[in-house]
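A short write-up of the structure that comes next.
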Amino acid sequence: MHYTLSTATKTSLASAPEVQDQILGSLEMLFGTPQNPSYLRTKDWADAEFDPNHAELAADAGGTGELAESEMNGVKADNLVRFRSQLEQVARRDYAGLAEFKSAPHLSDRVAAIVADKELAEDKRQADLKALFENYYPSLRDSTELYRQQCLHCHGVEGGGDGPTAGSVEHPFLDPRPRDYRLGKFKFTAVKDKARPRRQDLYRVLDQGVYGTAMPSFRRFSAAERWGLVDYVRMLAIRGEVEHDLVITFQDDEHLTAEAPLAAFQDVWTKWQAAKEKVVVFEGEVPAPTPAMLKRGDELFHDAKKGNCASCHGDMGLGDGPAAYKLDDQGHRVPAYTDDWGNPILPRNLVQGLYRGGRRPIDVYRRIYAGINGGPMPGIGESKDADGKLVLPPEDMWALVHYVRSLSERDEAVAGGPIHGMTPPGEGGGGGN
Amino acid sequence: MRILLTLLFLALLVLGVWTFMDAHNHAWWLPPNVSSYGGDIDRLFYLILWMVGFFFVLTEGLLVWCVFNFGRKRTTKADFTHGHHKLELVWTAVPGLLLLVITFTQMQTWAKVKFKSNFPDVKPTCEVWASQFDWRMRYPGEDGKFGTVDDIENPFEFVVPVNEPILFNLRSRDVIHSFFVPYLRLKQDAMPGMVIPVWFQVEKEGSYDLVCAELCGWGHYKMAGRLKVVSRAAYDAWLKKSKEEMNSNGSEDKS
């Protein structure tokens, strides 16, 4: 298994195979191989005692300091559960078979090294192993293995969304297609201005899944493993962006300097770090929906000068608005828009209540406020009219959010007692086997 | 050849019996039961297992004996027979009787677990939605109703209090799935378009595997969930925290 260049790169550089080799070589220098991925630590970073490979370490301890204390506590709590039997073994000083982790080869190596170290005092060995398990945070090498087992079959080796389960471009097997990370665009985030996602945004996707798509929740993995996957996915995205930038640089300058890859890498890295400044937060308490708000939301939803939602999402919110469709050469009704990945895209049917980016009011607020990066859904939270006033002041934003959410309400009361709302098919009922 | 075949069938008999006798040493056996009615189901399981085991040994033993006894090179002409009426009556009547025994012994348990008239008189805790390929538990919000905007949706984890009867509505979004928690001895198909009430009561806190037991598509193997059984206090705290998260204004995302 090895990283290759994207189809887009190969197409644009078809006449320059030596540049393709140069880019592939640079990417390997910057990001390693699928067997041993790691960021290149530039000289500046090494001087500043900064290592991008350690998201879990604080900035003054040589890491990027991207894991908050509460998040690290979650990691440790999960580790105690995940490594319970190993920690019991360590307490007994029984080290047989301790270093066998099928989805964490680097951890296996680290455990084996401590167990095999003859110079270590027994007390120290025990303490080191205990600390290793309790504070375990996966390296990129561990995460690449978990990625290979869990994610690759849809998202592909380079994160191009082209794994075997995704099908081919001509015959896609999944709808929607798996995310291609290499554009650095992720749809469901908490940030505005089409910023890169924060690590917490990617973590939330792993935690909650993207409901209504083939992306399930990955809660069955410990917090450490999920944060590790986030780190690895980010690396693949950065790698893809650098690749794309190098192609553009070559097309503009007609050659690639030796410094270009590093410059592109640092540029992309900075963009990813800037995301935390772009979080959409509502100052104040989320207002509870009232009938008056829902009525106001209804007006805004259909008002072409305000929300203008109905033009795509349809009068009833069924995702069948006139602007979402066009007629092709044969007169067939087809989706009017494609997303940034080139896939035809339809507006969400809001009546189904399947919110891919989360169903909390704040999630829907963020979708309306900042739009959906990579898709045609615009963000209108900061749009201003001719007089410089917000098109949707906060109270209108919430009216719209609550109206949109109310579209999916089912009228099914929870009655008391054992049976409700259905005719029992005979006393046995229920079916099943 | 006769000896070889005899030994082969004998080995099948011995291995078959040994597999069951030694299963608990290899984690091949059922996981421990934690539900209130799991014991009844286990008793039925063992009743049937002993019956089947007895006849397995009997018929397999007969087969071994026949191979050994009649497997010699034939020297005489074979007899022609129209069968044995009494013997046939016996091997029809005895299994028939045994089936009746099973029928009558299981009725109570089946009624307890599946009959709606025997369901505990409680409100449903949540809706469990099966879809390709994950489980989602939908708890009613403040209004106590399902399908309203204040519902709490929890992927993967089905959190319930211990030692209380739990009633839930099983639903499917797409195809047929099956809600299977081996620790509870509970399995129930989820049908698209149907609301199927299911109940259980867990008597031990802990985390138990929830899996899909009906082939539902390419991702069936990874359609896993977790039944998390906690104390009443912890459950209430979890529900309260989930409701707060539901009304978040996003400020926890500010760094």
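Things to note:
- The Cα atoms of segment A:1-142 give a gyration tensor whose axes a ≥ b ≥ c have a/c of 1.5 or more with a/b greater than b/c, which makes the shape prolate.
- With Cα atoms, 0 to 90° folded angle of helix A:260-273 axis to chain A main axis: 60
- Calculated from backbone phi, Karplus (6.51, -1.76, 1.60) coupling profile of segment B:135-152 in Hz, x at Gly/Pro: 9, 9, 9, 10, 9, x, x, 4, 6, x, 10, 8, x, 9, 5, 8, 4, 9
- Counting Cα-Cα pairs of chain A in 20 Å increments starting at 0 gives whole-percent bin shares of 21, 48, 28, 4.
- Measuring nothing but how far apart in sequence close Cα pairs (under 8 Å, 6+ apart) lie, relative to its length, chain B scores a relative contact order of 18 percent.
- Between B:Ser172 and B:Ala130, B:Met191, B:Gly193, B:Met194, the built amide H atoms are under 5 Å apart, and every one of these is 5 or more places off in sequence or on another chain.
- Note on A:Lys102: aspartates and glutamates with a C-alpha under 16 Å away, same-chain residues under 8 apart excluded, are A:Asp142, A:Glu145, A:Glu225.
- Neighbouring Cβ atoms from other chains, within 10 Å of the Cβ of residues in B:208-218, number 1 on average.
- Accessible area per residue for segment A:95-143, computed on protein heavy atoms with a 1.4 Å probe, is 51 Å².
- Among residues other than A:Pro376 with Cβ under 14 Å from its Cβ, the summed charge is +4 (Lys and Arg +1, Asp and Glu -1).
- The residues of chain B have, on average, 57 Å² of accessible surface per residue, using a 1.4 Å probe with all protein chains present.
- Cut-off 17 Å (backbone N to label point 7 Å along Cα→Cβ of A:Val169), residues of segment A:325-354: A:338-345
- In segment B:126-247, taking the dipole from charged Cβ atoms about the Cα centre, the farthest positive-side position among B:Pro165, B:Met137, B:Leu215 is held by B:Leu215.
- DSSP bridge analysis restricted to chain B gives an antiparallel fraction near 70%, rounded to the nearest 5.
- Cβ-based net charge around B:Arg232, under 11 Å, with every Lys or Arg adding one and every Asp or Glu removing one: -3
- Ligands, DNA and RNA left out, the 1.4 Å accessible surface of segment B:57-112 is 71% carbon and sulfur atoms.
- FRET efficiency estimate (nearest 0.05) - Cβ-Cβ, B:Thr92 to B:Asn163, R0 51 angstrom: 0.60
- Overall shape: oblate for segment B:126-247, with the ratio a/c of the largest to smallest alpha carbon gyration tensor axis at 1.5 or above and b/c at least equal to a/b.
- Average other protein chain Cβ within 10 Å of Cβ, residues A:184-190: 1
- Segment B:Ser231-B:Phe55, extension gain: residue separation times 0.36 nm, minus the distance between their alpha carbons: 58.8 nm
- Under the Karplus curve 6.51 cos²θ - 1.76 cosθ + 1.60, θ = phi - 60°, whole-Hz ³J(HN,Hα) for segment A:70-79, x wherever Gly or Pro sits: 5, 5, 5, 5, x, 4, 5, 4, 5, 4
- Between A:Asp320 and A:Arg84, the simple label model (points 7 Å from Cα in the Cβ direction) yields a spacing of 5.2 nm.
- Between B:Asp79 and B:Leu99, the modelled labels are 3.0 nm apart [label points 7 Å from Cα along Cα→Cβ].
- The simple Förster model, with R0 at 51 Å and r as the Cβ-Cβ distance, assigns A:Asp387 and A:Asn135 a FRET efficiency of 0.35.
- The distance from the alpha carbon centre of segment A:288-344 to that of segment B:16-56 is 58 Å, rounded to a whole number.
- Probe 1.4 Å, accessible area per residue of segment A:322-419, Å²: 48
- Its residues counted as N, segment B:96-163 yields a C-alpha radius of gyration over 2.2 N^0.38 Å of 1.62.
- Dipole size of the protein assembly as shown about its Cα centre, with +1 on Lys/Arg Cβ and -1 on Asp/Glu Cβ: approximately 2660 debye, rounded to the nearest 20.
- Heavy-atom accessible area buried between chains B and A is around 4800 Å² (1.4 Å probe, both sides summed).
- For chain A, with all protein chains in place and a probe radius of 1.4 Å, 53% of the accessible heavy-atom surface sits on carbon or sulfur.
- Contact order normalised by residue count of segment B:77-192, Cα under 8 Å, 6+ apart, percent: 19
- Partner chain coverage, peptide B:110-123 - average Cβ within 10 angstrom: 4
- Residue by residue, segment A:281-297 carries 3J(HN,Hα) couplings of 10, 9, 6, x, 7, 5, x, 6, x, 10, x, 5, 5, 4, 5, 4, x Hz when phi is fed to the Karplus relation 6.51 cos²θ - 1.76 cosθ + 1.60 (θ = phi - 60°); x denotes Gly or Pro.
- The alpha carbon centroids of segment B:57-98 and segment B:196-230 are separated by 46 Å.
- Among B:Val122, B:Val67, B:Val113: highest mean-square fluctuation, GNM of chain B, C-alpha pairs under 10 Å: B:Val67
- Label-point separation, A:His332 to A:Arg410 (7 Å along Cα→Cβ), nm: 3.3
- For chain A, the relative contact order is 12 percent, taking Cα pairs closer than 8 Å that sit 6 or more residues apart in sequence and dividing their mean separation by the residue count.
- Heavy-atom accessible surface of segment B:126-247: percent carbon and sulfur, 1.4 Å: 51
- For chain A, built as a Gaussian network whose Cα springs stay under 10 Å, the top-fluctuating residue of A:Glu100, A:Glu299, A:Glu122: A:Glu122
- Among A:367-373, A:85-91, B:42-48, A:253-259, the order from most to least packed when residues are scored by Cβ within 10 Å on average: A:367-373, A:85-91, B:42-48, A:253-259
- Think of it as helices only: each DSSP H run of n ≥ 4 in chain B is worth -39500 (n - 2.57), and spread over all residues that comes to -13500 deg cm²/dmol at 222 nm.
- Gyration tensor (alpha-carbon) shape descriptor, segment A:148-269, a/c threshold 1.5: prolate
- In Å², nearest 10: area of B:Ser131 left accessible to a 1.4 Å probe: 10
- Between A:Ala304 and B:Glu244, the FRET efficiency estimated from the beta carbon spacing at R0 = 41 angstrom works out to 0.65.
- Report note on the peptides A:62-75, A:129-142: ranked by the mean count of other C-beta atoms within 10 Å, highest first, their order is A:129-142, A:62-75.
- Helix B:38-70 axis, angle to chain B major axis (alpha carbon atoms, nearest 10°): 20
The values are calculated or read from the model by the stated rules, or taken from the named source; none is laboratory data. Note that this is a predicted model, so its numbers are computed, not measured. With ideal geometry, Cβ positions are generated from the backbone for all residues, glycine too; neighbour counts draw on all protein chains shown. Note: accessible area is taken over every heavy atom of the protein model, side chains too, but ligands, DNA and RNA are not part of it. Shrake-Rupley method; radii C 1.70, N 1.55, O 1.52, S 1.80 Å.
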